[in-house]
Amino acid sequence: MDLYDLKYDYDSSCLFFEDNEDILNIYAHENELFHCHILKTKFVFNNLIEDDVIKKFYHNFKEENYISVNFEDFKLILEDFIFFHDVGKLSFSFQKRLNNDSIIWDNQFNFLMKFNFDNIIDNFEANHSLFGALSFIAKYHQILEENCLFIIILAYSILGHHTSLKDILNEEGFAYNSFSGKDINTISC
């Protein structure tokens, strides 16, 4: 079995191979499965942001010709924004960093050893934000040109969601200068 044969089941927060009963549980935080964290984040977002605010943002972007999507697609993109903010936590290195001192990591490591992935853990990036931002952009690459500002602002927010965001109009604050080998491995996978 190959790394690229791994499947992800969102509802159970686990990676698995179709022809095998072994699973690798994925955590967003200590003792919090990934999908539980995403559901909580969506709940908070939906309860903090009123529909009128979302509609106002949509209409402002639409009036300025910054987006070409309809309102329903706009809302779906915002939902994906919430999902993708932590999608990089699927990285083996992130899971190791998060769970290193726990029985959870022992179980995860046993899974990785069984399928000979234990020797590649440190080849992946543990910082999940870059991977989430690039994955978000990749999902919307087909509509990026007509919706560039909107998609890039959301991707940039994913990139900086654990830091203070820089001035998006200042290229020094916006540019990601170089990719490490770990970044490239994580993005490729």
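The values are calculated or read from the model by the stated rules, or taken from the named source; none is laboratory data. Model, not experiment: these values are computed from the prediction. Cβ sites come from the backbone with ideal geometry, for glycine too, and all protein chains shown count toward neighbours. Surface accessibility is based on the protein's heavy atoms, side chains included, excluding ligands, DNA and RNA. Shrake-Rupley method; radii C 1.70, N 1.55, O 1.52, S 1.80 Å.
Of note:
- Qualifying residue in region 50-58 (condition: closer than 22 Å to Ala155 by Cβ and surrounded by fewer than 12 Cβ atoms within 10 Å (Cβ to Cβ)): yes
- Scanning region 83-97 for residues that are more than 22 Å from the chain's Cα centre (by Cα) and in a loop (DSSP other than H, G, I, E, B) turns up nothing.
- Scan region 101-136 for residues that are open to solvent by 40 Å² or more (accessible area, probe 1.4 Å), within 20 Å of Ala155 (Cα to Cα) and of a type in the set (A, V, I, L, M) and the total you get is 1.
- The number of residues in region 15-35 that are in contact with a strand residue (DSSP E or B) (Cβ under 8 Å, 6 or more places away or on another chain), open to solvent by 30 Å² or more (accessible area, probe 1.4 Å) and either farther than 24 Å from Ile77 by Cα or modelled with pLDDT under 95 (or both) comes to 5.
- Candidates in region 36-55 are the residues that are at pLDDT below 90 and charged (D, E, K, R); of these, the one that is nearest to Arg97 (Cα to Cα) is Glu50.
- So His35, is it within 26 Å of Ile137 (Cβ to Cβ) and in contact (Cβ under 8 Å) with a residue 24 or more places away in the chain: yes
- Complete set of residues in region 1-30 that are of a type in the set (Phe, Trp, Tyr) and closer than 15 Å to Met113 by Cβ: Phe17
- Being modelled with pLDDT of 60 or more and surrounded by 15 or more Cβ atoms within 10 Å (Cβ to Cβ) holds for only one residue in Leu159, Leu149, and it is Leu159.
- Comparison of Asp122, Asp101 shows that the only residue that is at pLDDT below 95 and either closer than 18 Å to Ser13 by Cβ or not in a helix (DSSP H, G or I) (or both) is Asp101.
- Per the conditions (1) farther than 22 Å from Asn127 by Cβ; (2) open to solvent by 40 Å² or more (accessible area, probe 1.4 Å); (3) aliphatic (A, V, I, L, M), the sole criterion not satisfied by Leu98 is (1).
- Some residue of region 49-66 being in contact (Cβ under 8 Å) with a residue 12 or more places away in the chain, of a type in the set (Lys, Arg) and under 30 Å from Asp122 (Cα atoms): no
- Scanning region 125-143 for residues that are modelled with pLDDT under 90 and not small (Gly, Ala, Ser) returns Glu125, Asn127, His128, Leu130, Phe131, Leu134.
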